[in-house]
Amino acid sequence: MKNSETLWDISNRPSTKTKLEILRKCFNVWVTVWNKQNWVSNEWYVIDLFAGRGKYIDNENEVNGSPLIFLKKITDKKDTLRPNLRIKLFFVEANRNNLKFLKDNVEKFINENSQIKNTVKITYFDTDCNSVIGKIVNQINNNNKCPLFLFIDPTGLQIKKDTMQEIVKLKNPKDIIFNYILEGVRRTSGIAIKAHRGKSLAIKEIKTIKTLTEFIGEDVSVIAKSDIDTLKDYCFIFTSNNLKVVAYDMKYPDRNDILYYLLFASAKLSITNIVKDIYAWQKERSLGSTLFGGKKFYEKKLLTLSSDILTIKRKTLLYKTKVEYGSWTINHIVGCKHGCKFPCYAMMMAKKFGWVKDYEDWRMPRIAENALELLEKEIPKYKDEIDFVHLCFMSDPFMYDCDKKDLIPEIKEKTLKIIRRLNKEGIRVTTLTKGVYPNEILAKKKFLESNEYGITLVSLNNDFKNKFEPFSASYEERIAGLKKLSDNGLRTWVSLEPYPTPELDTTAGAIEKILEKISFVNKIIFGKLNYRRLTEYNNDSQIWKNNDDFYKAMAQEIINFCEKNNIRYHIKLGTPLSKNRTVNIFKE
């Protein structure tokens, strides 16, 4: 049988030809750049999760597919590569018939180019990439001195988001080319919308929705979202890990509509800019120059994505808190977009120590980019002393963006990773937020059942919220989010602190209305508002009053309510009716 009869024909598939040309150029950049870095290891990695047959046919001529493109480029550069370099290539092809052709084509190439036999080591996998990714990761030296090139070119939505996250979380410097199949997302999204509207689905359609969920993730809805918004949500896998993304929109051959986006992601802006240049060059070559300019015109139109959140580096992370009901804590964020005006003690401390300049600067949160690395060092050091870890006393672990009506994804992702890492060591976590809890928390297999999730709730009055908590999630969203966790068997609590008086909130005396809304929780913390601090903050001496009688009445209502409903409680020290015996509410 002729080889032309065993290979896929791409004669009438210009998008595939363009994709292969882009891959050649990007891999050439990868090999060239890393070969010049003296500090990197001599062990590099290339992963191809949908390797295919290794070659194609184009008008009866053989054309290299991705595996052969990698090997050909390594061969071409062999004389300039460092002598002790070892490149480990992992080729995954689930179809065993395809894998046979792949092995034959690769073996033939290496036999004809024996000079690279000592440079490359090839490992094949004949199974679904989602099931084998763990084995591949275990064969990779997970450090920042071993470069990794990843090519993912599925024909549909076969790759799961969890698989992508397994790869992206590696410490290795990564350059990733990923084929985001827009047509597949559109098709499966249509079925998801059909289900959302209550229409009955066939068994095949139910499986399709599962495929979409595994591809996009549990917490991303495609309902009422545009193609670009859904793509941006997906790209958070990359941007939340400080990768910059540039997208090449590949059109259908017979109509002016997008078939897929070829995404390139890298941590180095300089590399991303080089790929932008490659993409723009390819656009000009395919579409020609325009009246508005050539390559530069196309470069400006390319979709580029990166994180909007600033990052910082911390020297330490875990520490003991002096908060009375606390223990150990982590503050992996400086600043808070919620911008509360009680005033915020955390903001006052951040200004005092020069971490932020003013209120507006405080509302531009910074994430500790090295938080997980610090955890790896500090957990063994403190593990035997830690009973639980609280997130966070100096910021918000599930911070809400009121402009986008959603959680800040970078902060959410970092928080979830921290919780998972602590839970993996058997360390339970408590959290407190004025945002909302993401659906990922419901994945019980990933988190300890002993974790406790709380919200701050000091009013139901939106006038009060608009004045003192202007940018946090609505009261209704907070309660609903917490109720969902409770309904799924998770432990929940509420902090009624700092609780206002009627001078600030005319509805404050009706605390029973709040209590009725949160009767499902396991624990309640209550504390008064520090009026002296508020006076200093607002420079308004008229606002100060002695409100002990009011707080005593509110505290008594909470005690009565909790005892009646079997809810544990703590009245904070300094607030009337506080008792030392309840201070260990989270430690027992």
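The values are calculated or read from the model by the stated rules, or taken from the named source; none is laboratory data. Just so you know, these numbers come straight off a predicted model, no measurement behind them. As a convention, Cβ positions derive from the backbone with ideal geometry for all residues, glycine included, and neighbour counts pool all protein chains shown.
Things worth noting here:
- Set side by side, the residues LYS484, LYS465 differ, and just one is touching a helix residue (DSSP H, G or I) at 6+ places or on another chain (Cβ under 8 Å), farther than 30 Å from ARG421 by Cα, basic (Lys, Arg) and not in a loop (DSSP other than H, G, I, E, B), which is LYS465.
- Qualifying residue in the range 528-536 (condition: surrounded by 12 or more Cβ atoms within 10 Å (Cβ to Cβ), touching a strand residue (DSSP E or B) at 6+ places or on another chain (Cβ under 7 Å) and modelled with pLDDT under 90): yes
- In the range 1-51, the qualifying residues are those that are over 21 Å from LYS276 (Cβ atoms), of a type in the set (Gly, Ala, Ser) and modelled with pLDDT under 95, and the one that is nearest to the chain's Cα centre (by Cα) is SER11.
- Filtered residues of the range 354-375 (kept if in contact with a strand residue (DSSP E or B) (Cβ under 6 Å, 6 or more places away or on another chain) and without any contact (Cβ under 8 Å) to a residue 24 or more places away in the chain): TRP355
- ALA94 in contact with a Leu (Cβ under 9 Å, 6 or more places away or on another chain) and closer than 24 Å to TYR260 by Cβ: no
- Scope the range 552-571; condition aromatic (Phe, Trp, Tyr) and more than 14 Å from ILE514 (Cα to Cα); matching residues: TYR569
- Look at (1) part of a helix (DSSP H, G or I); (2) without any contact (Cβ under 8 Å) to a residue 40 or more places away in the chain; (3) under 35 Å from the mean Cα position of the chain (by Cα) and you find that LEU71 fails only one, number (2).
- Test: residue in the range 316-335 that is part of a strand (DSSP E or B) and surrounded by fewer than 16 Cβ atoms within 10 Å (Cβ to Cβ): yes
- Residue match in the range 48-60 (condition: surrounded by fewer than 23 Cβ atoms within 10 Å (Cβ to Cβ) and under 23 Å from SER266 (Cβ atoms)): yes
- The listed residue being surrounded by 18 or more Cβ atoms within 10 Å (Cβ to Cβ) and part of a strand (DSSP E or B), out of TYR453, TYR437: TYR453
- In the range 498-512, residue modelled with the highest pLDDT [restricted to those that are buried (at least 17 other Cβ atoms within 10 Å of the Cβ) and not in a loop (DSSP other than H, G, I, E, B)]: ILE511
- Residue list for the range 369-386, filter: within 17 Å of LEU416 (Cα to Cα), of a type outside the set (Gly, Ala, Ser) and part of a helix (DSSP H, G or I): LEU372, GLU373, LEU374, LEU375, GLU376, ILE379
- Odd one out for ASP76, checked against (1) of a type in the set (Asp, Glu); (2) at pLDDT 95 or above; (3) out of contact with any strand residue (DSSP E or B) (no Cβ under 6 Å at 6 or more places or on another chain); (4) surrounded by 16 or more Cβ atoms within 10 Å (Cβ to Cβ): (4)
- Helices (runs of 4 or more DSSP H) contained entirely in the range 222-306, each with at least 1 residues that are buried (at least 19 other Cβ atoms within 10 Å of the Cβ), on the phi < 0 side of the Ramachandran plot and under 23 Å from the mean Cα position of the chain (by Cα): 227-239, 269-287
For every residue, the table says whether it meets (1) surrounded by 15 or more Cβ atoms within 10 Å (Cβ to Cβ); (2) in the same structural domain as GLU410 (by TED's automatic domain parsing); (3) modelled with pLDDT of 90 or more.
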| position | (1), (2), (3) |
| --- | --- |
| TRP355 | yes, yes, no |
| ARG366 | yes, yes, yes |
| GLU369 | yes, yes, no |
| LYS377 | no, yes, yes |
| PRO380 | no, yes, yes |
| ASP387 | no, yes, yes |
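- Residue satisfying condition, being touching a Cys at 6+ places or on another chain (Cβ under 7 Å) and under 16 Å from PHE215 (Cα atoms), within set ILE159, ILE133, ILE152, ILE167: ILE159
- Filter result for HIS338 (at negative phi and not in a loop (DSSP other than H, G, I, E, B)): no
Quick grid of which residues meet (1) closer than 17 Å to PRO397 by Cβ; (2) of a type in the set (Lys, Arg); (3) outside the structural domain of LYS244 (by TED's automatic domain parsing):
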{"position": "PHE297", "(1), (2), (3)": "no, no, no"}
{"position": "LYS337", "(1), (2), (3)": "yes, yes, yes"}
{"position": "ALA346", "(1), (2), (3)": "yes, no, yes"}
{"position": "ALA350", "(1), (2), (3)": "yes, no, yes"}
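- Boolean, ARG428 is free of Cβ contacts under 8 Å to residues at least 60 places away in the same chain and of a type outside the set (Val, Ile, Thr): yes
- Screening GLU299 with (1) within 30 Å of PRO147 (Cα to Cα); (2) out of contact with any Asp or Glu (no Cβ under 8 Å at 6 or more places or on another chain); (3) modelled with pLDDT under 90; (4) not hydroxyl-bearing (Ser, Thr, Tyr) gives one miss only, at (2).
- In the range 315-343, the residues that are free of Cβ contacts under 8 Å to residues at least 12 places away in the same chain and more than 26 Å from the chain's Cα centre (by Cα): LYS320, LYS322
- Cβ pairs under 8 Å, 6+ apart, first in the range 133-154 and free of Cβ contacts under 8 Å to residues at least 40 places away in the same chain and over 17 Å from LEU23 (Cα atoms), second assigned to a strand (DSSP E or B) and not basic (Lys, Arg): LYS135/PHE125
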